[in-house]
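The values are calculated or read from the model by the stated rules, or taken from the named source; none is laboratory data. This one's a predicted model, so the numbers in the text were calculated from it and none came from an experiment. Cβ sites come from the backbone with ideal geometry, for glycine too, and all protein chains shown count toward neighbours.
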Amino acid sequence: MARLLACGQGCGHFMSRTNGNPWLSWYFSGISRTQAQQLLLSPANVPGAFLIRPSESSQGDYSLSVRAQAKVRHYRISTAADGSFYLQKGHLFPSLGELLTYYKANWKLIQNPLLQPCVSQKPPEQDEWERPRSEFTLRRKLGKGYFGEVWEGLWLGSVPVAIKVIKSAANMKLADLAQEIQTLKSLRHARLIQLHAVCSAGEPVYIVTELMRKGNLQAFLGNPEGRALNPPALLGFACQVAEGMRYLEERRIVHRDLAARNVLVDDDLACKVADFGLARLLKDDIYSPSSGSKVPVKWTAPEAAHYRVYSPKSDVWSFGVLLYEVFSYGQCPYEGMSNHETLQQIERGYRLPRPAACPAEAYVLMLACWKGSPEERPAFAMLQAALGTLHRCLHPTLT
């Protein structure tokens, strides 16, 4: 390393972002031949600007790239058996710095003067998640929700993905959108839908996730394949959702709209929670009981429906309703009641009845989720453990 960094006369220094060692201003460790050309031909550089970079085609060797008027020339710097460097055989140098010093003075040997190190123009920070919309093709509309449309699509013409298209900013708190997307990027769990990419510059905003081919859990349970499932299989869905919600609970992420329609199912009957946290992006006057059907009142805890107080415990209430959906094969909760009637009945102590396919032990957990006081409701960690135990009892072949 010392041989590489030995500096010839007139070479500037800058500090490496990785380890604090003094790197030379002419050495660019992480760029390609094309990137070197773009840098050297930029307005900040003039003919005679140069840099050294690792060779792309020959590991262990280097390349000297020099601007010559409107083009860039590249010279291979080879490494000899004893570790010295050379551009031309017979001219060996113990360090790259000394090689540069020599060719600065004898530039006619390469027919290009070496006048000044390349001026680095640091590009703007590129978010690895941010992609141009042109990379995505919308193929089939899967549904429509509070936030826009959901499409099945292709990424770069080959990778199947789901694309949430947020068409209008009218009902969104745009100031929160970037922060919410940052939250999505930080969450990674087998029971949560995985974010693949975003297109957030301008409109429409795309939120691109993995594609779950069997669609949402509520619709799946209502179709013939779902209706053929036995209670242990239904309980398996409940366990998977509880596992995903436990992960969110541990990270203090509140879903706000947990329901079977926001759980997606794949070909192997794997379940994943979707749309976590997106409800907070709606303006308060849109996401409120006075707005009528736009609010999922029948899934919403009383303190959230009345006072907009959301917490992991309000998610627990919603999870109880989701359990009802699961064991009733996707039936709408409080069927025949309006939102207003539902809230009134809940305040009077009414609770949804036990579906026929629901084990008694699971119904006890559902009732615990619907305690009037949020503090009395169980945590998702407890629910996951209890449902897992019940699942193993009903499905003894599981380990």
Which of (1) in a strand (DSSP E or B); (2) under 13 Å from V326 (Cα atoms) is the odd one out, the single condition G236 does not satisfy? (1)
Only residues that are loosely packed, with under 13 Cβ neighbours inside 10 Å and either over 16 Å from E130 (Cα atoms) or outside the structural domain of I163 (by TED's automatic domain parsing) (or both): list them for the range 178-213, please. R188, A190, R213
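Tell me which residues, restricted to the range 356-399, are of a type in the set (S, T, Y) and more than 19 Å from V254 (Cα to Cα). Can you show your working first?
If we filter the range 356-399 for residues that are of a type in the set (S, T, Y), which is where we start, we get 363, 373, 389, 397, 399.
Within the range 356-399, Y363, T389, T397, T399 qualify.
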When you check G320 against the structure, is it free of Cβ contacts under 8 Å to residues at least 60 places away in the same chain, within 24 Å of L234 (Cβ to Cβ), assigned by TED's automatic domain parsing to the domain that holds N223 and not in a loop (DSSP other than H, G, I, E, B), yes or no? yes
Of all residues in the range 171-213 being in a loop (DSSP other than H, G, I, E, B) and acidic (D, E), which is modelled with the highest pLDDT? E210
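Residue under question is L390, and the condition is that it be outside any helix (DSSP H, G or I) and not β-branched (V, I, T); does it hold?
Working: outside any helix (DSSP H, G or I): no; not β-branched (V, I, T): yes.
Spelling it out, it is not the case that L390 is outside any helix (DSSP H, G or I) and not β-branched (V, I, T).
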Flag if N45 is in a loop (DSSP other than H, G, I, E, B), more than 22 Å from Y86 (Cα to Cα) and modelled with pLDDT of 90 or more: yes
Taking interchain pairs and intrachain pairs at least six residues apart, which have beta carbon atoms under 8 angstrom, with the first residue in the range 207-221 and touching a residue at least 24 places away in the same chain (Cβ under 8 Å) and the second among the hydroxyl-bearing types (S, T, Y) and in a loop (DSSP other than H, G, I, E, B)? L221/Y329
Can you tell me which residues in the range 133-166 are loosely packed, with under 13 Cβ neighbours inside 10 Å and within 20 Å of the chain's Cα centre (by Cα)? S134, L156, S158, P160
Is at least one residue of the range 121-128 modelled with pLDDT of 85 or more and not aliphatic (A, V, I, L, M)? no
If we keep only residues of the range 131-170 that are in a strand (DSSP E or B), under 17 Å from E203 (Cα atoms) and touching a helix residue (DSSP H, G or I) at 6+ places or on another chain (Cβ under 9 Å), then the residue modelled with the lowest pLDDT is I166
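Is it true that Q88 is in the same structural domain as Q38 (by TED's automatic domain parsing) and surrounded by 11 or more Cβ atoms within 10 Å (Cβ to Cβ)? Don't jump to the end; show me each part of the working.
Values: in the same structural domain as Q38 (by TED's automatic domain parsing): yes; surrounded by 11 or more Cβ atoms within 10 Å (Cβ to Cβ): yes.
When the stated conditions are applied, Q88 passes them.
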Test L343 against the criterion of being at pLDDT 95 or above, more than 28 Å from the chain's Cα centre (by Cα), of a type in the set (A, V, I, L, M, F, W, C) and assigned to a helix (DSSP H, G or I), and give yes or no. yes
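In the range 64-75, is there at least one residue being more than 19 Å from S120 (Cβ to Cβ), part of a loop (DSSP other than H, G, I, E, B) and over 39 Å from the mean Cα position of the chain (by Cα)?
Here is the first cut: in the range 64-75, the residues more than 19 Å from S120 (Cβ to Cβ) are 68-71, 73, 75.
Retained after the next criterion (residues that are part of a loop (DSSP other than H, G, I, E, B)): 69-70.
Those left that are additionally over 39 Å from the mean Cα position of the chain (by Cα): 69-70.
Yes, the conditions are met somewhere in the range 64-75.
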